[in-house]
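See below for the structure under consideration.
The values are calculated or read from the model by the stated rules, or taken from the named source; none is laboratory data. Here the structure is a predicted model, which is why all the values come from computation and not from measurement. A quick note on method: Cβ atoms are made from the backbone with ideal geometry, for glycine too, and the neighbour counts reach across all protein chains shown.
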Amino acid sequence: MKHIQKIITSLDSIISGVSLLLIIFMTVAGVVMRKCFGNPIAWLEEMQIFFFVWTIFLGGSIAFRKGGQVSIDLIAARLNPKARKVLDVFCYVVAMLVLIYLCKGGFELAASVTKKVTPYFKISYKYIDIAAPIGCIIMMVQYTFIILDQLFGVLGGMFEHKDENGEGGAE
């Protein structure tokens with residue numbers, strides 16, 4: 001399992017980081033071309049959208065892995081360890097249901113836009129929209145690893161979790 005997790009960790013981090021850098025570079029280049037030379041880049045917006053969507057959904061899996069998802073620990077911090085595990089499992093089930101729903105919707109969206117293409121590069125929108133289900137699947141895998149690690153310690157604390165003080169670190 002550690003080998004699979006390292007592959008997922010590397011892929012989503014690298015792709016998301018490169019996508020973010022490309023967005024920044026393209027945006028700066030677009031501003032310079034438009035403001036300094038009066039010649040906007042025609043294809044800029046469609047590529048920004050492409051990379052932005054991929055950055056969001058792959059970044060979501062990174063947030064899950066690092067314990068960066070939004071949570072309110074007001075109740076959880078006051079629970080005993082056994083009740084906390086029950087709450088963790090409940091949260092896991094709810095998160096999985098939401099991610100499965102989003103994944104299903106993402107696949108349906110990607111399948112419905114097969115003929116729609118971007119104006120300049122003629123890239124099918126299915127390659128943009130498929131980021132949602134792929135990101136959701138990676139988030140489900142990440143969260144499953146996290147819950148297994150938290151409840152059973154099967155992965156030796158290899159994930160960074162937020163503790164009851166909101167601090168990061170492996171449990």
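Out of the residues in the range 87-124 that are among the aromatic types (Phe, Trp, Tyr) and within 16 Å of Phe50 (Cα to Cα), which is farthest from the chain's Cα centre (by Cα)?
Selected residue: Tyr120.
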Note to self: When the residues of the range 27-45 are narrowed to those that are free of Cβ contacts under 8 Å to residues at least 12 places away in the same chain and not in a helix (DSSP H, G or I), which ends up nearest to Thr118 (Cα to Cα)?
What the structure shows: Pro40
Item checked: Failed item in (1) in a loop (DSSP other than H, G, I, E, B); (2) surrounded by 11 or more Cβ atoms within 10 Å (Cβ to Cβ); (3) within 17 Å of the chain's Cα centre (by Cα), with Asp73 passing the rest -> (3)
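Here are Phe64, Phe50, Phe90: which of them is under 30 Å from Ile147 (Cα atoms), surrounded by 15 or more Cβ atoms within 10 Å (Cβ to Cβ) and out of contact with any Lys or Arg (no Cβ under 8 Å at 6 or more places or on another chain)? Let's see the steps before the verdict.
Details: Phe50 fails: under 30 Å from Ile147 (Cα atoms); Phe90 fails: surrounded by 15 or more Cβ atoms within 10 Å (Cβ to Cβ).
Being under 30 Å from Ile147 (Cα atoms), surrounded by 15 or more Cβ atoms within 10 Å (Cβ to Cβ) and out of contact with any Lys or Arg (no Cβ under 8 Å at 6 or more places or on another chain) holds for just one of Phe64, Phe50, Phe90, which is Phe64.
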Next item on the list: Return the only residue of Ile41, Ile7 being among the β-branched types (Val, Ile, Thr) and closer than 30 Å to Gly153 by Cα.
Entry: Ile7
Check: Of all residues in the range 118-146, how many are β-branched (Val, Ile, Thr) and part of a loop (DSSP other than H, G, I, E, B)?
Finding: 3
Next item on the list: Run down Ile128, Ile146, Ile100, Ile56 and say which single residue is modelled with pLDDT under 90 and touching a helix residue (DSSP H, G or I) at 6+ places or on another chain (Cβ under 8 Å).
Entry: Ile146
Notebook entry, point to check: Exactly one of (1) in a helix (DSSP H, G or I); (2) modelled with pLDDT of 90 or more is unmet by Leu151. Its number?
Noted result: (2)
Notebook entry, point to check: Regarding Arg84, is this residue under 22 Å from Val154 (Cβ atoms), free of Cβ contacts under 8 Å to residues at least 60 places away in the same chain and not hydrophobic (A, V, I, L, M, F, W, C)?
Noted result: yes
Next item on the list: May I ask you to list the residues in the range 23-72 that are charged (D, E, K, R) and touching a Gly at 6+ places or on another chain (Cβ under 7 Å)?
Entry: Lys66
Next item on the list: Mind listing whichever residues of the range 93-112 are loosely packed, with under 15 Cβ neighbours inside 10 Å and either of a type in the set (A, V, I, L, M) or within 30 Å of Leu151 (Cβ to Cβ) (or both)?
Entry: Val93, Val94, Leu97, Val98, Ile100, Tyr101, Lys104, Gly105, Ala111
Check: Could we say that Thr55 is more than 20 Å from the chain's Cα centre (by Cα), crowded, with 17+ Cβ neighbours inside 10 Å, touching a residue at least 24 places away in the same chain (Cβ under 8 Å) and over 19 Å from Leu148 (Cβ atoms) here?
Finding: no
Check: Counting only residues that are more than 24 Å from the chain's Cα centre (by Cα) and exposed (fewer than 11 other Cβ atoms within 10 Å of the Cβ), which one in the range 8-39 is nearest to Met140 (Cα to Cα)?
Finding: Val28
